[in-house]
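What follows is calculated from the coordinates using simple rules that are stated; it is not laboratory data. Because the structure is predicted, anything quoted here is derived from the model rather than measured. When we count neighbours, we look across all protein chains shown, and the Cβ atoms used for this are built from the backbone with ideal geometry, even at glycine.
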Amino acid sequence: MNSIFLNTLWKNFAAVIDMLKSVISKCPDKIWEEEKKFYYVTYHIVIFLDYYLSNPVKDFKPFLPYTLCDTSHLPEGAVDDVLPCEFYSKSEMLVYINKIREKCEKLICSSPPEKFTTKWIDEDEINLHGLSPSIVSNYSLLEILFYNFRHVQHHVGQLNLLLRQSADIAADWISQSG
């Protein structure tokens, strides 16, 4: 894996993480506390961002813990069955994202090239945390990085839409970071 590619991947991944931080920072407290959809989408992004950057997956230890809920009993605004164990503040979420950003940089910039072609998750780790959809169980580390990147970008767009609809604001585009 050449250094130009990895540097480009890191700069763009950092930018999408920075966009996530920006949209959370722009969110008015009233929306954070009352618009559950915004909060649950944010938590969904953050927990999966961290999880998909875990290698090996068995070492995944979320900074802001979650619980799995029966899908027939989801609270209003919940995105899926992965729910935060408690209500986390914006500042707690941003601290967690900063930790994840460092984890991402280390994974992309410090891994030996051959690591990117290895399988991201081992068979015995698939059901370990209750987070691994079957579609990603055969991904290489490089594939899960791209999947993760697209997942974050998709949901950051949703958060910006929710902010526009609720408060007529949105976070700015960040073209590149490092």
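Rounded, prolate or oblate: pick one for segment 88-178, where a ≥ b ≥ c are the square roots of the eigenvalues of its C-alpha gyration tensor, a/c under 1.5 means rounded, and failing that, prolate if a/b is larger than b/c, else oblate. It comes out prolate by the Cα gyration axes.
Amide H contacts of SER140: TRP120, each under 5 Å away and 5 or more positions distant or on a separate chain (H built 1.01 Å from N in the peptide plane; Pro and chain starts excluded). Over the chain, DSSP H runs of length four or greater, each weighted -39,500 (n - 2.57), average out per residue to a 222 nm ellipticity of -18000 deg cm²/dmol. Of CYS85, CYS104, CYS27, the residue with the greatest mean-square motion in the GNM of the chain, using alpha carbon springs below 10 Å, is CYS85.
Within the shell of other residues whose beta carbon sits under 13 angstrom from the beta carbon of LYS37, the net charge comes to -4, with Lys and Arg scored +1 and Asp and Glu -1. Relative contact order of the chain, please, whole-number percent, based on alpha carbon pairs below 8 angstrom and at least 6 residues apart. Computed over the chain, the figure is 39 percent.
With 30 Å as the limit, the listed pairs LYS26/LYS103; LYS37/LYS99; LYS37/LYS119; LYS37/LYS103; LYS26/LYS58 have LYS37/LYS119; LYS26/LYS58 beyond it between alpha carbons. Charge dipole (Cα centre; +1 on Lys/Arg Cβ, -1 on Asp/Glu Cβ; no other charges) of the chain amounts to roughly 580 debye. Within segment 5-106, the GluC sites (Glu not before Pro) that combine a DSSP coil assignment with at most 11 other C-beta atoms in a 10 angstrom radius are GLU76, GLU86. Extent of the chain along its three principal axes (Cα atoms, max minus min coordinate, largest first): 47, 38, 24 Å.
Segment 121-154 and segment 9-34 have Cα centres separated by 22 Å.
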